[in-house]
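The values are calculated or read from the model by the stated rules, or taken from the named source; none is laboratory data. Computed from a prediction, not measured in an experiment: that's the story for all the values here. Cβ atoms come from the backbone with ideal geometry, glycine included; neighbour counts cover every protein chain shown. Calculation scope for accessible area: heavy atoms of the full protein, side chains included, ligands and nucleic acids excluded. Shrake-Rupley method; radii C 1.70, N 1.55, O 1.52, S 1.80 Å.
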Amino acid sequence: INVSNDVTRIFEVTESITGAQTIEQADSGKVFWLDAAGGATVTLPAVKDGLKLKFVLVQAHASTNWVIASATSANIQGAFVNGAAAAAAADEDQVNFVAGTAAVGDFIELSCDGTDWFVSGVCSATGGITATT
């Protein structure tokens with residue numbers, strides 16, 4: 001059986017972000033490219049069980065952090081590999097791609113259980129991604 005004509009290709013849905021933006025619940029499942037020389041604040045949607053988002057740094061930024069901020073305070077939990085060490089997030093308000101330290105290709109993923117956002121990700125340099133209140 002030749003099924004070569006029946007192959008369905010699945011692509012991730014992506015969107016470039018070049019400035020401040022608020023993400024909608026309908027954006028769940030997207031990969032967001034952080035694509036500007038100066039960072040900005042990206043606000044997460046209201047919590048809802050099953051939401052999943054990914055943010056990837058695709059352009060070096062030297063002047064301003066990219067900030068991924070919760071719409072609700074103190075609800076980002078989890079950990080990410082940060083250079084040679086792990087960095088924790090416990091009851092944080094935001095995750096920061098630190099200007100001048102975060103590198104192209106660094107990323108975080110956020111999953112929501114309806115109450116909290118759970119972060120994981122990888123950063124090539126120690127201190128390149130931080131979680132803060």
_Cα centre as origin, Lys/Arg/Asp/Glu Cβ charges: the chain dipole, Debye_ = 240 debye
*For the stretch 54-61, take each phi angle, set θ = phi - 60°, evaluate the Karplus expression 6.51 cos²θ - 1.76 cosθ + 1.60, and give the result in whole Hz per residue in order, putting x for glycine and proline.*
10, 10, 10, 7, 10, 9, 4, 9
*So what are the ³J(HN,Hα) numbers for the stretch 77-88, from phi and the Karplus equation (6.51, -1.76, 1.60; θ = phi - 60°), rounded to whole Hz, Gly and Pro as x?*
10, x, 7, 8, 6, 10, x, 8, 10, 9, 10, 9
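Just the Kirkwood number for the chain, please: inverse of mean 1/r across all distinct Cα pairs, in Å, one decimal.
Values: mean 1/r = 0.0663 Å⁻¹.
With all distinct Cα pairs of the chain included, I get 15.1 Å.
Of all the accessible heavy-atom surface of the chain, with the other protein chains kept in place and a 1.4 Å probe, what percent is carbon and sulfur?
Working: 3510 of 6700 Å².
Carbon and sulfur atoms account for 52 percent of the accessible area of the chain.
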